[in-house]
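Before any comments, here is the structure.
What follows draws every value from the coordinates through simple rules; no lab data is involved. Note that the structure is a prediction, hence the values are computed from the model and not measured. With ideal geometry, Cβ positions are generated from the backbone for all residues, glycine too; neighbour counts draw on all protein chains shown.
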Ligand code: GLV
Ligand code: MN
Ligand code: MN
């Protein structure tokens, strides 16, 4: 165990702030939607930091970045860590970024402490953890784990009808096919993601660290409604087929579906509600809703999902509205690896940071990494449990605690030499050239 390790929280905070300044919106708002100019500039700046830290960089065909600190035994499967740097509209500066720049700081601290890994330590920066552009999150880790078939990914389209294939070509990742992204089970010995909690429990209980045992299962529906538009003055009320009103009833049915499961763990949100033509004196003729429904238990989540899917035709028939319902993603909750959870709890005891075992209600790339290797997450508190807002905040000290625990965890896991793995990737990577 490399001890003592010194985390440079000032340097880390400067890097977090510098990345936050790369945004599609003025500060304090951070918006970095997949393959936007800001996302591409953010990626370039992270690559530069990784290079300065002496890591070997590779990228795959969706833009997942792999920054490698070569271990002494190249036959051993690497230990991976990482998160994402894309940010939803009107976001803050810590979601995902703490798990990327924090992991980089953990690696720098280990290097500066003279530690030499036996296993390679690999930092992964996943593409499109956030669902903003294509309605589905974790595109990079879904492709990497095989959870998203490449043909389905290629056909995803945004609100302007541009496909993922077109976007990744524009972003410079089009040279190789998407089916080269998938990695074999066993490529990694394990994956651990550092992240802000995005909930209030650690702060409330005054605890510096959470260790994640389970990640709730997300699902997303897209509902497209077509009614009949017309003049707001001329079309009388009995004649109307207003797409917005059908959508409004559906959004209320979504709320009821979550409330009626009897489980406090079911949460449902209609986070997208677009109408056309969007003129005050015109009856809305079209509406598009995107509905996010999650639970820690598959049975209650699926029951709520089915209720919503049953409500849509009922509401639309009554209102004379055409509808289309698509399941964008329906994912099961995952259990984290108990041995990795124990390792992190041990580390916390050693570095004297009290820790709590907890559930992640947000989804993360870890949900998909768990399909190919033992996985868990380290949580740190965030003020008021606030996330996905510009006022998201974790203090330098809280971040530094998480980085310290991550560094010690990586050090431990990179020293275990018991198992040997097949390191062949199904896909292929290419060096980052700038
Ligand atoms: C991740 O950003 C989520 O929505 O849980
Ligand atoms: Mn997020
Ligand atoms: Mn995140």
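Per residue, the convex hull around the alpha carbon atoms of segment 210-323 comes to 101 Å³.
Relative to the longest principal axis of the C-alpha atoms of the chain, give the angle of the C-alpha long axis of helix 9-20, reported between 0 and 90° and rounded to the nearest 10°. The answer is roughly 30 degrees.
Per Stokes-Einstein, at 25 °C and 0.890 mPa s, what whole-number D in µm² s⁻¹ belongs to segment 3-95, with the Kirkwood radius over Cα pairs as the hydrodynamic radius?
166
Between 130, 151, 397, which gets the highest mean-square fluctuation from a Gaussian network model of the chain, Cα cutoff 10 Å? Maximum among the listed residues: 151. Computed over segment 60-207, the P(r) tail beyond 28 angstrom holds 28 percent of alpha carbon pairs. In the elastic network of the chain, a GNM with C-alpha springs shorter than 10 Å, the most mobile of 323, 134, 191 is 323.
Relative to the current alpha-carbon distance between residue 237 and residue 349, full extension at 0.36 nm per residue lengthens the span by 33.6 nm.
Give the angle, between 0 and 90 degrees and rounded to the nearest 10, that separates the Cα long axis of helix 338-350 from the longest principal axis of the Cα atoms of the chain. Taking the Cα atoms of the chain, the angle to 338-350 is about 60 degrees. Compared with the dominant principal axis of the Cα atoms in the chain, helix 396-413 is inclined by about 60°. Give me P(r) over segment 37-138, computed from all C-alpha to C-alpha distances, binned every 5 Å, as integer percentages. All Cα pairs, binned at 5 Å, distribute as 3, 13, 22, 25, 17, 11, 6, 3, 1 percent. Arranged from fewest to most other beta-carbon atoms within 10 Å of their beta carbon, 84, 241 become 241, 84. For the pair segment 54-90 and segment 2-38, the centres of their Cα atoms are 17 angstrom apart. Pick from 368, 273, 126 the residue whose mean-square fluctuation is largest in a GNM of the chain, springs joining Cα atoms under 10 Å. Residue with maximal mean-square fluctuation among 368, 273, 126: 273.
Pull up the DSSP beta bridges for the chain and report the antiparallel fraction as a percent, rounded to 5.
So the antiparallel bridges in the chain amount to around 70 percent.
For segment 223-336, the relative contact order comes to 36 percent (Cα pairs under 8 Å, sequence separation of at least 6). For the chain, the Kirkwood hydrodynamic radius from C-alpha pairs, put into Stokes-Einstein at 20 °C and a viscosity of 1.002 mPa s, yields a diffusion coefficient of 95 µm² per second. Under 13 Å from the 7 Å Cα→Cβ point of residue 357, by amide nitrogen: which residues of segment 302-345? From segment 302-345, the list is 335-345. At q = 0.16 Å⁻¹, what is the log10 ratio I(q)/I(0) for segment 153-268, with the Debye formula run over Cα points and no solvent? Those come out to -1.12, one per q. Across q = 0.13, 0.20, 0.21 Å⁻¹, segment 271-382 modelled as identical point scatterers on its alpha-carbon atoms has Debye log10 I(q)/I(0) values of -0.71, -1.14, -1.20, in the order of the q list. Cα centroids of segment 223-285 and segment 348-377: 38 Å apart. Stretched out straight at 0.36 nm per residue, the stretch from residue 155 to residue 14 would grow longer than its current Cα-Cα span by 46.9 nm.
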